[in-house]
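Reviewing the structure listed below.
The values are calculated or read from the model by the stated rules, or taken from the named source; none is laboratory data. Model, not experiment: these values are computed from the prediction. Virtual Cβ from ideal backbone geometry, glycine too; neighbours counted across all protein chains shown. Surface areas here come from the heavy atoms of the whole protein model, side chains and all, with no ligands, DNA or RNA. Shrake-Rupley method; radii C 1.70, N 1.55, O 1.52, S 1.80 Å.
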Amino acid sequence: MTRKWQWAPSFPDLYFFKSRLLTHLIFWAGYYLLFSVIWYSPDKGYFASFYLEFILMPARILAAYAMIYMLIPNYLAERRYRSFCMGYGLLVLGAGLVQMLVGFFFFSQLMPAVDTGFTLSLSSWVRNALLVNTTVLLLGTAKIFQMYIAVREQLETTHQQAQAPAEADYIEVKAERRIFRLKISDILYLEGLGNYVTYHLLNGEKKVVYSSLKEAQKSLPPYFIRAHRSYVINVAHIDSYTAEQIFVKQHALPRGKDIPDEALSLNTGS
């Protein structure tokens, strides 16, 4: 069965102030400063090196994000290796061509007295493609490592289920101004919407509780998995699944792209 992956597994503890956007901005700012200094030479001066890196960065940024948000999750992670290699090659060559043209027309032509090294030639194209490839490889490797960690954590969670101690048969939830005792084995799945969680039960009843889905999951055994950002599913009640959906009794629920088949196949409810 084809297994799809989430584009960007989240590691908020690794982000500056738990902000992915701020972390990306800081990374590219540091990248810009570092390579501006690397490009520096006494005959060109600092202005030329900083200006050069400024006009070259867009091609590298677009190539890097195309790799980590398109090629890796849609081709490499899906084991479409031939398509990934072709896309990778076209991406690097295309970005190298753009960088060569930008460097020639926006740098060499504005500074004719400076030997910039940008020419409209095959060797210049290859050199620029290799420079772009350095950035693409760096961030691509980081993306693959991030996905690897996410899968390892998911698999470790499922493997711990067999050794998990016996859980209580019931949990208590507050709904409709009452405290309900729900039999855990009768809970099909939890559906989160904002600050509310709906418990869907085997008999068709629903209990709406004021809580976050993350907090609600903490009170349940490990075989209740976060199969989607809005759903926690009792693995024991899964009838079947595809790459996009999980079928629990008469309900067809969405499946997150980062959920491995192993997490759904483990029959912990029997």
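Residues of region 170-263: accessible area per residue at 1.4 Å, in Å²? Write down the numbers at each step before the final one.
Numbers: 5070 Å² over 94 residues.
About 54 Å² of surface per residue is accessible.
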- Scan of the chain for GluC sites (Glu not before Pro) in DSSP loops with at most 14 other beta-carbon atoms within 10 Å gives a longest site-free stretch of 1-166
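Would you compute, from DSSP H runs of 4+ residues alone, the mean residue ellipticity of the chain at 222 nm, taking -39500 (n - 2.57) per run and dividing by the full residue count, rounded to the nearest 500? Walk me through the numbers before you get to the answer.
Numbers: 6 runs with 113 residues, N = 270.
Mean residue ellipticity, 222 nm, calculated: -14500 deg cm²/dmol.
What's the carbon and sulfur percent of the chain's accessible surface, probe 1.4 angstrom, rounded to a whole number?
On the way: 9830 of 15880 Å².
In the chain, the share of accessible area belonging to carbon and sulfur is 62 percent.
Extension gain residue 261-residue 203, at 0.36 nm per residue separation less the Cα-Cα distance, in nm?
The residue 261-residue 203 span can extend by a further 18.1 nm.
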- Item | Reach of residue 257 by Cα under 28 Å, taken over lysines that are not fewer than 8 positions away in the same chain | 4, 18, 143, 206, 207, 214, 218, 249
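Averaging sequence separations of C-alpha pairs under 8 Å and six or more residues apart, then dividing by the length of the chain, give the relative contact order as a whole percent.
On the way: 353 pairs, mean separation 43.8, N = 270.
Over the chain, the number comes to 16 percent.
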- Relative to the longest principal axis of the C-alpha atoms of the chain, give the angle of the C-alpha long axis of helix 20-38, reported between 0 and 90° and rounded to the nearest 10°. 20 degrees
- Among [x] 34, 22, 15; [y] 26, 23, 19; [z] 52, 20, 14, the value of semi-axes √(5λ) of the Cα gyration tensor in Å computed for this structure carries the label [z]
- Angle between the Cα long axis of helix 81-103 and the longest principal axis of the chain, 0 to 90 degrees, nearest 10? 40 degrees
- Query: What nm value, rounded to one decimal, do you get for the distance between residue 215 and residue 195 when each label is placed 7 Å out toward the C-beta?
  - Reply: 0.9 nm
- Would you mind computing, in nm to one decimal, how far apart the modelled labels at residue 137 and residue 106 are, each placed 7 Å from Cα along Cα→Cβ? 2.6 nm
